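**Q** I have a structure here, written as structure tokens, and I will follow up with some questions on it.
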Amino acid sequence: MTHTVLLVVDAQQSFYHRGYQETAETPAFEQCLTALIDGCRQRDIPVVDVFHLEEDGPFSLASGLVERLPFLHHQAVKTVHKRVHNALTDSGLDAWLREQKTTHLIISGLRTEQCCETTARVASDLGYAVTFVTEATLTFPITHAGITLSIADLRHRTESVLINRFAAIRTLEACLEELD
């Protein structure tokens with residue numbers, strides 16, 4: 001695919017200062033995201049970092065935590081900040097992507113069912129082809145009304161609502177193969 005950009009959404013230190021802890025899935029996520037970034041860079045696919053901001057707390061710029069997670073060492077071609085759940089509508093990213101003639105976005109980052117999924121949905125509505133690499137996203141269990149959805153539950157739910165509607169769901173390997 002041509003005119004592709006990899007979005008690394010909210011892979012920032014802020015999350016670990018709001019009560020989220022590493023999970024059994026964290027090492028695999030770190031390995032997959034690193035491999036996805038490296039694979040895209042080897043194919044001259046630009047990588048864009050997207051960071052979530054809030055006025056106060058660990059997501060504020062003043063906190064010093066709106067920085068890449070420690071395992072990430074790539075150079076992004078662009079870094080944007082957002083205050084909403086998707087990466088496109090208030091960050092200036094959509095305009096930049098259009099200037100670059102981008103037609104395809106690969107979605108990765110934190111949280112699978114929130115900012116990553118919302119970015120995929122909005123990107124599709126804006127006319128981008130979207131590839132969602134679930135294993136290059138991370139989330140945490142959610143409890144509501146006494147029911148806890150596990151990470152596996154949340155990933156399955158996200159894939160189910162995105163596939164054939166908003167995004168192509170791909171493994172790391174399949175995503176990189178399609179880029180060749």
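The values are calculated or read from the model by the stated rules, or taken from the named source; none is laboratory data. Fair warning: this is a prediction, and the values are worked out from it, not measured in the lab. Glycine also receives a Cβ, built like all others from the backbone with ideal geometry; neighbour counts cover every protein chain displayed. These accessible areas exclude ligands, DNA and RNA; they are computed on the full protein's heavy atoms, side chains included. Shrake-Rupley method; radii C 1.70, N 1.55, O 1.52, S 1.80 Å.
**Q** Please identify which residues in the range 135-157 have an amide N closer than 19 Å to a label point set 7 Å out from the Cα of ALA28, following the Cα→Cβ vector.
**A** Once the point is set 7 Å along Cα→Cβ of ALA28, 135-142, 149-157 turn out to lie under 19 Å by backbone N, inside the range 135-157.
**Q** To continue, here is another question. Jot down the radius of gyration and Dmax of the chain, Cα atoms only, both in angstrom.
**A** 15.2, 47
**Q** With r defined as the distance between the Cβ atoms of SER150 and HIS3 and R0 fixed at 30 Å, what FRET efficiency is calculated, to the nearest 0.05? Write out the running numbers ahead of the final one.
**A** Numbers: r = 36 Å, r/R0 = 1.21.
Taking R0 as 30 Å, the efficiency between SER150 and HIS3 is 0.25.
**Q** Which residues does a label at ASP56 reach in the range 13-30, if reach means a backbone N under 16 Å from a point 7 Å past the Cα toward the Cβ?
**A** 18
**Q** Given a Förster radius of 22 Å and the C-beta distance between SER63 and ARG41 as r, what FRET efficiency does 1/(1 + (r/R0)^6) yield to the nearest 0.05? Could you put the intermediate results ahead of the total?
**A** Working: r = 29 Å, r/R0 = 1.30.
The value I calculate is 0.15.
**Q** Rolling a 1.4 angstrom probe over the protein chains, ignoring ligands and nucleic acids, what is the accessible area of LEU126 in square angstrom, nearest 10?
**A** In the full protein context, LEU126 sits at about 70 Å².
**Q** Taking a point 7 angstrom from the Cα of HIS81 along the C-beta vector, which residues in the range 24-58 have backbone N less than 11 Å away?
**A** 51-56
**Q** Right, something else. Extension gain VAL161-LEU126, at 0.36 nm per residue separation less the Cα-Cα distance, in nm? Display every interim value, and only then the final one.
**A** Details: separation 35, 0.36 × 35 = 12.60 nm, distance 1.75 nm.
Length difference between fully extended and current span is 10.9 nm.
**Q** Please go through the range 93-126 and write out the trypsin sites (Lys or Arg not before Pro) that DSSP classes as loop and that have at most 16 other C-beta atoms within 10 Å.
**A** Values: sites: ARG98, LYS101, ARG111, ARG121; in loops: LYS101, ARG111.
In loop regions of the range 93-126 (DSSP not H, G, I, E or B), the sparsely surrounded trypsin sites (Lys or Arg not before Pro) are LYS101.
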